[in-house]
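Every number here is computed from the coordinates shown, using simple stated rules; none is lab data. Small disclaimer: the values here were computed from a predicted structure and weren't measured. With ideal geometry, Cβ positions are generated from the backbone for all residues, glycine too; neighbour counts draw on all protein chains shown.
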Amino acid sequence: MPSAIAPILITGAAQRVGQHCARRLLEAGQPVIATFRTERPGVQALRDLGATLLFADFSSEAGILAFIETLKQHTDRLRAIVHNASAWLAEETHDPATAFNAMFAVHMLAPYLINLHCAELLQRSTPADIVHISDDVTRKGSSKHIAYCATKAGLESLTLSFAARYAPAIKVNGIAPALLLFNDEDDATYRAKALAKSALGIEPGGEVMYQSLRYLLDNPYVTGTTLTINGGRHVK
């Protein structure tokens, strides 16, 4: 029997922070639909917890539209959409135009089309939310990762525009995190340098993302806002 609670869609939830948020929502009794592009251990872990896992390739318009059709075959309503899927391509090691187009597709085109085509699913839920996961790097730009920064900044612009378009039925907000979790291969020198960039100087883990997401989902009077969770990098 279908759940009486509308599910939350989280894109790019196969690992790290996306997987953490999906798991925490499931633990709270919230049904979750999560997307993945690569079958990782985290995908099966979410299945085991009761999540619905859908393959999605956001690298092209065709892939995005195919995912939307698949999504609508699995649910006729959504409590929220969390656009967590992200791409990181270094411009110095990839063709610049190819890198830009790839990150544009994931960071901007996919949220744009999903928001447009799935608004009807959200409108069948009260309350309803869209949350865009951006990046703290947009605050000052990046000389080394121009395309990544620009497309994440574009996502923040989508937050403002969709908040205006969908109010009052759907709240639309963003979260802009700095470093939350190190990778296993990050050495001690890199870790020390990264921690020194913030006033608080800690590796907070994925829970701070979930806390921020929970705040946006639960607060009825916030829309068109991007929350910064950067440990005080802007005051360092």
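Miscellaneous remarks
- Across Lys140/Lys171; Lys144/Lys236; Lys72/Lys197; Lys171/Lys193, pairs whose alpha-carbon gap is larger than 31 Å: Lys72/Lys197; Lys171/Lys193
- The simple spin-label model puts a point 7 Å past each Cα toward its Cβ; for Lys144 and Glu203 those points are separated by 1.8 nm.
- Length-normalised contact order of the chain in % [C-alpha pairs under 8 Å, at least 6 apart]: 18
- The simple spin-label model puts a point 7 Å past each Cα toward its Cβ; for Arg214 and Val235 those points are separated by 2.4 nm.
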